[in-house]
Amino acid sequence: MFAPERASGPVIGPVDIVSDPTPVEPGGWTGLASTGPAELLAAGLTETLGRLAMLAGTALCTPRASVMFAGTYLLPGKNDAPRIDGRLSSFEQGLCTDVVRSQEKLIIEDVRVDRRASGTVWPEPASMRAWAGVPVQDADDHVVGVLWVADRVARRWSASDVAVLETLAQVAWGEVSLRAALARSARRAALAGTLEESLLPPRLPYVPGLQVAARYAASGTGADGAGAGGEVLADFCDVFPSAGGTWGIVVGDVCGKGSAAAKRTALARYALRAAARTRTRPSLLLADLNQVLLDWPTDDPRFLTAIYAAVRLVPGGTMVRISSAGHPLALVRTANGRVREFGRPGDLLGVLAHPELHDSQRLLRAGDSLILFSDGVTEARRGADRELYGDERLRRLVAGLDDLTAVAMAEAIQLATLSFGGGRRSDDTVALVMKVPGNEGAR
């Protein structure tokens, strides 16, 4: 694992990381450098760390979450617009500095009564009442940054809340290390090819009586599929026969990129295929995968999100049972053009011992379609103002696709997000469509 070399000054390394846990003066948490070696990693790194921050906020139900590194404010957190100068408030700086100084987590249920916050200028009353931060440690166990979340109301942080933060903090440093190693590696293109083969099946199988199609593209690619080179999908999909005459359909998103992500994604795909030989209930299959991820011996923990659908042809249509693990919910488009979300939200995989997962079931009739997609679709950004493509735009698009084939629908979704992004993709995207054909039969 890459670790920054030591230097005489406090700020070093390709992403301006402090590797020596010396006290950080107020104001030491600054904006990401716009030039120099940090720029080499920033383009892809901030997107991934942004997901980590959003996942931390989502998992703990907080309005604010950030991944920070001493000397560098890498990115804003969930629903937290950065200040123009990219700096933290003096209160936030003080709390992050305390974590680096102490090399310990800092858990505050109410900043108004906690003695550890008494020497710091308090935030505005409505901005923050509870704060939890854990150290980000490098390969030598030096504290180099902080992953933190904040709530506007006082709250008790549970042991599982802290465990989630500590796991995500490990992933944050692993991503920084991996990006640095990839940037220095002459074998980056070969690594990219290996990862893409692990994430995607070479072709989707023929499913009797149904149309199934998938379209996928890596971040940075344009309409011709050309990209920055060496970048590969972190999203994955798969379609395979399952027990009892059913078919398994899955779309997922593994944290990070590179060889570690490739191994974790290959593990996920084949663990699901193996489990699906004996059972079909999606929530149980995802729970099995979660245990496999937790039990897998590794020093580089990786989590993932996934949505799994068990599909079976029945008289009058196709029965679909579905479960989501931290992944965007599926959409169902009925033959008359109505679009509805399908399923219930669940916890992501590879973090909690007992994630909350749910099953939902419905019958799809002739002309109905099931759409699974990765968050790169709804989180596609417009170049000018960085506005998100969003859920509503996707629903309106799907509603207007009329009686298209599954292939045409998947292509339309990819082209719409590409056009919205000004011809470039800001994130990996996967769109998988399953359609119950009309009286004309499967095409």
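The values are calculated or read from the model by the stated rules, or taken from the named source; none is laboratory data. What you see is a predicted model; the values in this text were computed from it and never measured. Glycine also receives a Cβ, built like all others from the backbone with ideal geometry; neighbour counts cover every protein chain displayed. These area figures cover heavy atoms from the full protein model, side chains too; ligands, DNA and RNA do not enter into them. Shrake-Rupley method; radii C 1.70, N 1.55, O 1.52, S 1.80 Å.
For the reader, a short list of remarks on this structure follows.
- Taken residue by residue, the range 285-292 has no member that is closer than 25 Å to Gly209 by Cβ, in contact (Cβ under 8 Å) with a residue 12 or more places away in the chain, surrounded by fewer than 23 Cβ atoms within 10 Å (Cβ to Cβ) and touching a Phe, Trp or Tyr at 6+ places or on another chain (Cβ under 9 Å).
- Restricting the range 372-387 to residues that are in contact with a helix residue (DSSP H, G or I) (Cβ under 7 Å, 6 or more places away or on another chain) and surrounded by fewer than 24 Cβ atoms within 10 Å (Cβ to Cβ) leaves a set whose member that is modelled with the lowest pLDDT is Arg382.
- Residues satisfying the stated conditions in the range 46-67, i.e. open to solvent by less than 10 Å² (accessible area, probe 1.4 Å) and either among the basic types (Lys, Arg) or within 10 Å of the chain's Cα centre (by Cα) (or both): Leu49, Leu52, Ala53
- Test for Pro135: is it under 29 Å from Thr48 (Cα atoms), at pLDDT below 80 and not small (Gly, Ala, Ser): no
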